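The values are calculated or read from the model by the stated rules, or taken from the named source; none is laboratory data. Owing to the predicted nature of the structure, the values given are computational and were not obtained by experimental measurement. So basically every Cβ, Gly included, is an ideal-geometry build from the backbone, and we count neighbours across all protein chains shown.
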């Protein structure tokens, strides 16, 4: 069975990777799908996020990385996926995620949403927090995969230098 783990992944964190790794033990194939979200101003381009995900997931044989525009349920239909994976860090995530799951079910009754709790050590972690810490000069070691840490620091150095 194919599952899709959609998100912005700006950047991918160890919490995301935790969910991806655990999902690979449940599903035959996991597509990590980078959403092109026009409402957000991402630090990394879609292509950069996809490349970082490919590097971070390189050890996982049943994972592929892709991107999509539009509704997640339409993308799921296109890919033949019956499951959307959504991660929950805390109770505060649940209300939004429940609303999205119910709307997705209404839009495509054939697609189920599977909520996965992130492991306790990542329950506080978000891409926004990682970017803020890195911007303020605090180490993000252990919060993001090593390839992401290096790219994040380089990107922030470039933005500070005006480029």
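A few remarks follow.
- Enumeration of residues in the range 1-16 that are closer than 19 Å to residue 148 by Cβ and assigned to a loop (DSSP other than H, G, I, E, B): 8, 9, 10, 11, 12, 13
- The lone exception for residue 89 - which of (1) out of contact with any helix residue (DSSP H, G or I) (no Cβ under 9 Å at 6 or more places or on another chain); (2) farther than 12 Å from residue 34 by Cα it fails: (1)
- Of all residues in the range 52-77 being in contact (Cβ under 8 Å) with a residue 24 or more places away in the chain, touching a strand residue (DSSP E or B) at 6+ places or on another chain (Cβ under 6 Å) and part of a helix (DSSP H, G or I), the one that is farthest from residue 159 (Cα to Cα): 76
- Taking the criterion of being closer than 19 Å to residue 64 by Cα and either out of contact with any strand residue (DSSP E or B) (no Cβ under 7 Å at 6 or more places or on another chain) or assigned to a loop (DSSP other than H, G, I, E, B) (or both), the residues of the range 78-110 that qualify are 78, 80, 81, 82.
- Count of the range 17-51 residues which are in contact (Cβ under 8 Å) with a residue 24 or more places away in the chain, outside any loop (DSSP other than H, G, I, E, B) and in contact with a strand residue (DSSP E or B) (Cβ under 7 Å, 6 or more places away or on another chain): 13
- Criterion applied to 152, 125 was being under 15 Å from the mean Cα position of the chain (by Cα), surrounded by 15 or more Cβ atoms within 10 Å (Cβ to Cβ) and at pLDDT 90 or above, and the one residue passing it is 125.
- Qualifying residue in the range 132-149 (condition: surrounded by fewer than 20 Cβ atoms within 10 Å (Cβ to Cβ), assigned to a strand (DSSP E or B) and in contact (Cβ under 8 Å) with a residue 60 or more places away in the chain): no
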